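Notes to accompany the following structure.
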Amino acid sequence: MNLSSKANFKDDYENSNENSDSCGQILKCGEVSQALLFNAASVGTSIPAATITLDTSKFCNPCIIFEFTSNIIGTLFQGTLNFQLFRSCNNQLPIPIGPQFSFTRSIPVFFADMFTFFVCDCNSCLNECCTYSIVVSVGGSTPIIGNVGIFAARLAAIIVENREQDEDCYPCNKLSHKENKTILKCGTSGGAIPIAPGTLAGTTFSVSTLALNTSCLCNPGVKLEFTSNIAYTSPTTIDSTVVNFQVFKLCDNQRNPIPVGPQLVFSVPFTTVIAPVAPGFSGTSTFSFFVCDCDICHHECCTYSVVATTATVDAAVTITNARLSALAADKNCRCC
């Protein structure tokens, strides 16, 4: 083990429970980094954008949520960038974790956009030190045009003990409150949801769901995070497309779901195409947000859902890689 690895181990252990053989939870943030791709970079060209090293040896059954954030800045950029999380443990070859997220600009433009998403890994091996990396590669079928930089790129990880009793809505009879202060639950990634031009306003789509049992917590508060990839295509540059996203919850003995947090809005960007480029444009980016739910009764099992509702649809929109996660913990008061 080198000195760098020892330092990483020390950082991971500092937040562990010294009076127990297992950790309650660990939060670790990787270093801020950047990645640059220049004009004519060919399809398949790949570079690392962010890395983080984790030691899970203090956990019996670790579950990890990774959050990636970056600021993408382009100079007359046109092309597709694919973002993929990889895991490499004990000198093994890297393996992909979670889905691939894409960023696309179909015409050369100057821009600056935030690009964020999260990925869960609840299948890591025990007693391992693993390095996780976000790798950016040139996608599509042609080399990129212009220059693009992925700046302020960073990975953060939260590790918790993945207890089987928290997987479904069953009482946690064998768990004491002192032993189970944090629950991490990651929903499954659903299939692609196409929204065709001309879809009636008010049409709803269930995008992602997650069932959460908080009966092991005395005074629970929940942070719900949603991530997705949204692709859009429009034959003209003046089409208006707006889709609203809202989290709902349905708990024990409730008849109707109730909204949680504010409504979030996605809009296909308006653009002006300059000749000789043909009218029409397309693009792909992430759409992510989080809301908090601090109004939860004790001993409740709730199903949370993200529902997309159309406002106006002139362009074709497809939602992929949609996933909802929940981080639940005891809080000291009723205020979030």
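Observations on the model:
- One residue from 87, 105 being charged (D, E, K, R) and within 20 Å of the chain's Cα centre (by Cα): 87
- Qualifying residues in the range 57-79 (those that are hydrophobic (A, V, I, L, M, F, W, C) and closer than 17 Å to residue 103 by Cβ) - the one surrounded by the fewest Cβ atoms within 10 Å (Cβ to Cβ): 76
- Every residue from the range 112-150 that is of a type outside the set (S, T, N, Q), open to solvent by 30 Å² or more (accessible area, probe 1.4 Å), out of contact with any Leu (no Cβ under 9 Å at 6 or more places or on another chain) and in a strand (DSSP E or B): 112, 113, 114
- Within this structure, residue 36 fails the test of being closer than 30 Å to residue 140 by Cα, open to solvent by 70 Å² or more (accessible area, probe 1.4 Å) and modelled with pLDDT under 95.
- When residues of the range 210-229 are limited to those that are within 14 Å of the chain's Cα centre (by Cα) and open to solvent by 10 Å² or more (accessible area, probe 1.4 Å), the one nearest to residue 245 (Cα to Cα): 225
- Failed item in (1) part of a strand (DSSP E or B); (2) modelled with pLDDT of 90 or more, with residue 233 passing the rest: (2)
- Annotation: of all residues in the range 159-194 being at pLDDT 95 or above and not in a loop (DSSP other than H, G, I, E, B), the one that is least open to solvent (accessible area, probe 1.4 Å) is 193.
The values are calculated or read from the model by the stated rules, or taken from the named source; none is laboratory data. This one's a predicted model, so the numbers in the text were calculated from it and none came from an experiment. Here Cβ is always computed from backbone atoms with ideal geometry, including for glycine, and neighbour counts include all displayed protein chains. Note: areas computed on protein heavy atoms with side chains; ligands, DNA, RNA excluded. Shrake-Rupley method; radii C 1.70, N 1.55, O 1.52, S 1.80 Å.
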